[in-house]
Amino acid sequence: MQSRQATAGAVFNNFVNGQWTASSSGKVFENRNPANQDDLIGVFQQSTPADAEDAIGAAERAFASWRLVPAPRRAEMLFRAAQMVAERKEPFARDMTREMGKVLEETRGDVQEAIDMTFFMAGEGRRLYGQTVPSELRDKFAMSVRQPMGVCAVITPWNFPMAIPSWKIIPALVCGNTVVFKPSSLTPLSALNFVKVLEESGVPAGVVNLVTGGADVGTTLATHAAVKVVSFTGSTDVGRLVNQNAAPTFKKVHLEMGGKNIIMVMDDAQLELAVEGCVWGGFGTSGQRCTAASRVVVHERVYDEFLEEFSRRVKALRVGDGAADGVQMGPVISEAQLATVMKYVEIGTQEGATLVAGGHRLGSGSHGRGWFHEPTIFGDVTPSMRIAREEIFGPVVSVMRCRSLSEAIDIGNDVAYGLSASIYTRDINKAFSAMRDMYTGIFYVNAPTIGAEVHLPFGGTKATGNGHREAGSAALDVFSEWKSIYVDFSGRLQRAQIDTQDL
Ligand code: NAD
């Protein structure tokens, strides 16, 4: 990514206090198509900490009135926004494929997820349920309500550039918070498309603010005293930093981070189905999903048969520009990510794993101007190898052998991360044992590790997350605080736990 003085052409601004404004830095950065570096999508604001502070100020002022807008009214705007995204699904998907590379079918799915999440969360505007419970004292009423928290910082990665922002921004808004949103600098256009819809749907000035830029903007959001919640999705290293930066001001920090997800293929599995699941789980979004199935462990009785069919299918995948007909896998996001993938192919080879498919950059012909890599499978991987333990975040799948379900589960759990896992088996006992014993936030039976739906909690354990969940009604716990309320209508002092004889 290059930073330079603003030039003529497609210049996209920040959105602060209801105005589309340039950064005070006067600098912009370029957004280029990872399938074709000659395709300049536009330039976006290289914002400064001062720009972030302006946005935080606007969000803080807007909170004073937004928190008092009845939740069903807030929701009406969000329902409108969901409808508008639905109407623009195709152009938004095309913009997304152009800026981050995944195939159109998948970017349509990404936009659809934003639509689903926005509709689902808007529905919460007429729920946001609390509790009413009996009091232990006479003539006293007890209840709990959710209250908004204030300014929420939303920091997002590039791999789901509309879905992930929607998972954070929409629940934050329906709860009555205001938002400062810093998207990845690799996918600012999808972020801007989403924010524009929120503007057009009637969300008042200052309630949602967009500030594009780098780590210094993120650091300002994580440290600023007026920010009450930070919802971050990205790498584990950056998540740790965000957590540390937010600690002195006691913010609520919600972290969704890396993964090293596993598919377990048992000897009684329907092998064709398992292979199909591994192709989709391993190579969807070029393996750049937090839930990507980057590890597969196969029972030794079916290992050879599985690997042969898996590599046959993967070698046949058509790699190219995600906007082109018939392409099944797009580029990786950037030159740096391509270098990481190539480095791990080298590491795997040196560790003694067997390269059974792919392994090379695709850099000539129609691939010549993009960041393309062959879909790659390593066989004979052992659980201690780095390619079996570290998140590569690219089209590389490590296949291991196991002799039993319990060995598969041990291998599955023995990594730093805990996002998603799956099992292919026709034995219900094995399926339920694995479901119970895999320590992950998400588990699938006879399906790959990807495919979460918006109305269930989403998130991971260990180095993937810090105990919160997004999506589903669980997301409301990130963006609201409980207030317990006692109303005494007895007209006298009643003391809880003390006036026990009075009843
Ligand atoms: P990243 O950590 O590099 O960046 C994420 C965001 O953090 C970006 O907006 C970035 O600009 C910002 N950032 C960078 N430095 C910062 C700092 N010091 N303070 C605050 N913000 C800062 O991640 P990425 O490359 O965009 O995304 C890939 C990673 O995201 C992978 O590790 C993947 O597993 C993870 N991911 C996780 C989930 C999940 O739900 N668990 C979902 C998608 C992606």
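The values are calculated or read from the model by the stated rules, or taken from the named source; none is laboratory data. In this text the structure is predicted, and so the values were computed from the model without any measurement. Note: ideal-geometry Cβ built from the backbone for every residue, glycine included; neighbour counts use all protein chains shown. The accessibility values were calculated without ligands, DNA or RNA, using every heavy atom of the protein model including side chains. Shrake-Rupley method; radii C 1.70, N 1.55, O 1.52, S 1.80 Å.
A single member of T249, T220, T233, T212 is within 18 Å of N466 (Cα to Cα), crowded, with 24+ Cβ neighbours inside 10 Å and hydroxyl-bearing (S, T, Y), and it is T233.
Considering G101, G123, the condition of being within 23 Å of M257 (Cα to Cα) and open to solvent by less than 20 Å² (accessible area, probe 1.4 Å) is satisfied by G101 alone.
Of P204, P188, all but one fail to be buried (at least 24 other Cβ atoms within 10 Å of the Cβ) and touching a Phe, Trp or Tyr at 6+ places or on another chain (Cβ under 9 Å); the exception is P188. Taking each residue of the stretch 459-470 that is closer than 15 Å to T449 by Cβ and looking for partners that are in a loop (DSSP other than H, G, I, E, B) and within 7 Å of the ligand (Cβ to nearest atom) with beta-carbon atoms closer than 6 Å, six or more apart or interchain, yields G460/L419; T464/M257; T464/G259; T464/L419. Restricting to the stretch 439-458, and then to whatever is without any contact (Cβ under 8 Å) to a residue 60 or more places away in the chain and among the hydrophobic types (A, V, I, L, M, F, W, C), can you tell me which residue is nearest to the ligand (Cβ to nearest atom)? Among those that are without any contact (Cβ under 8 Å) to a residue 60 or more places away in the chain and among the hydrophobic types (A, V, I, L, M, F, W, C), it is L456. Could you please let me know if M266 is aliphatic (A, V, I, L, M) and under 18 Å from the mean Cα position of the chain (by Cα)? The answer is no for M266. Taking the criterion of being assigned to a strand (DSSP E or B) and within 14 Å of the ligand (Cβ to nearest atom), the residues of the stretch 155-189 that qualify are I155, V180, F181, K182. Given E90, E30, which one is closer than 30 Å to M329 by Cβ, open to solvent by less than 30 Å² (accessible area, probe 1.4 Å) and among the acidic types (D, E)? So the residue among E90, E30 that is closer than 30 Å to M329 by Cβ, open to solvent by less than 30 Å² (accessible area, probe 1.4 Å) and among the acidic types (D, E) is E30. Only one of the numbered conditions (1) buried (at least 23 other Cβ atoms within 10 Å of the Cβ); (2) within 30 Å of L40 (Cα to Cα) is violated by L78, and that is (2).
Scanning the stretch 328-343 turns up no residue that is at positive phi and open to solvent by less than 30 Å² (accessible area, probe 1.4 Å).
Condition check for E272 on (1) under 25 Å from A35 (Cα atoms); (2) open to solvent by 10 Å² or more (accessible area, probe 1.4 Å): one failure, at (1).
For the stretch 141-168, the set of residues classified as more than 12 Å from the chain's Cα centre (by Cα) and closer than 16 Å to E256 by Cα consists of C152, A153, listed by residue number. Is it the case that V296 is open to solvent by less than 10 Å² (accessible area, probe 1.4 Å), over 30 Å from N177 (Cβ atoms), in contact (Cβ under 8 Å) with a residue 24 or more places away in the chain and more than 16 Å from the ligand (Cβ to nearest atom)? Criteria met by V296.
For the stretch 192-204, filtered to residues that are in a helix (DSSP H, G or I) and in contact with a helix residue (DSSP H, G or I) (Cβ under 6 Å, 6 or more places away or on another chain), the residue that is farthest from I41 (Cα to Cα) is L198. Residues that are open to solvent by 50 Å² or more (accessible area, probe 1.4 Å) and assigned to a helix (DSSP H, G or I) within the stretch 306-325 comprise E308, R312, R313, K315, listed in sequence order.
Among F92, F119, F79, F141, which is the only one that is within 30 Å of A22 (Cβ to Cβ) and aromatic (F, W, Y)? Going through F92, F119, F79, F141 in turn, just one is within 30 Å of A22 (Cβ to Cβ) and aromatic (F, W, Y): F92.
Return yes when V197 is in contact with a strand residue (DSSP E or B) (Cβ under 8 Å, 6 or more places away or on another chain), more than 14 Å from the ligand (Cβ to nearest atom) and closer than 22 Å to F79 by Cα and no when it is not. Here the answer is no, as V197 does not meet what is asked.
Among the residues making up the stretch 131-154, those that are open to solvent by 40 Å² or more (accessible area, probe 1.4 Å) and either assigned to a helix (DSSP H, G or I) or not polar (S, T, N, Q) (or both) are V133, P134, E136, R138, D139, K140, F141, M143, V145, R146. If you filter the stretch 266-291 down to residues that are hydroxyl-bearing (S, T, Y) and within 12 Å of the ligand (Cβ to nearest atom), you find that the one that is nearest to R313 (Cα to Cα) is T285. Every test in (1) touching a helix residue (DSSP H, G or I) at 6+ places or on another chain (Cβ under 6 Å); (2) crowded, with 18+ Cβ neighbours inside 10 Å is passed by G239 save one, and that test is (1).
For the residues Q37, Q45, Q19, the requirement of being modelled with pLDDT of 95 or more and open to solvent by 70 Å² or more (accessible area, probe 1.4 Å) singles out Q19.
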